[in-house]
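To start, the structure under review is shown below, and the notes come after it.
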Amino acid sequence: MEECIFCKIIKGEAPCFKVYEDEKTIAFEDINPVTQGHTLIVPKTHAENLYEIDPESLSAVHLTSQKVIRAIQKALNPIGVAAVQLNGRGVNQIIMHYHLHLMPRSADEPPLAASDCGAQQADMEALKRTAEKIAAAVE
């Protein structure tokens, strides 16, 4: 994709602060970090979101994320790391190229908003109906 900033980073046409790279993925620091060490894991094959990404690229992103999260743990010693992946503008996906955020949290930082999404106790009957609907749609 010509206009995709992540594709430009992958091609070396735009700068980044690279953390890791292999034949299928690249990991670099987010230029608008939520926390120190906020790192993005990006497949080298362009796919807009989880709906479109091929299984091989998806697996590669998550294998890379495990390497990078271990490096974050070793380098920054966070008390936790949020792994966040957004799909579509309706949930604030800004760069339309699949990517996984790793956001470490240190003890002196406030709680991450990504880890408090407003969860509340569900109506069990409604939950059952929703689960049945989704299960019936799985291909």
Positions within the stretch 64-83 being crowded, with 17+ Cβ neighbours inside 10 Å and not hydroxyl-bearing (Ser, Thr, Tyr), in sequence order: Val68, Ile69, Ile72, Pro78, Val81, Ala82
Taking the stretch 78-92 and keeping residues modelled with pLDDT under 95 and of a type in the set (S, T, N, Q) leaves Asn92
Suppose the filter is within 30 Å of Cys7 (Cβ to Cβ) and among the basic types (Lys, Arg); does Arg129 pass it? no
Could you count how many residues in the stretch 93-139 are under 25 Å from His62 (Cβ atoms), at pLDDT 85 or above and not hydroxyl-bearing (Ser, Thr, Tyr)? 18
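The values are calculated or read from the model by the stated rules, or taken from the named source; none is laboratory data. All values reported here derive from a predicted model rather than from experimental measurement. Backbone-built Cβ (ideal geometry, glycine too); neighbour counts: all protein chains shown.
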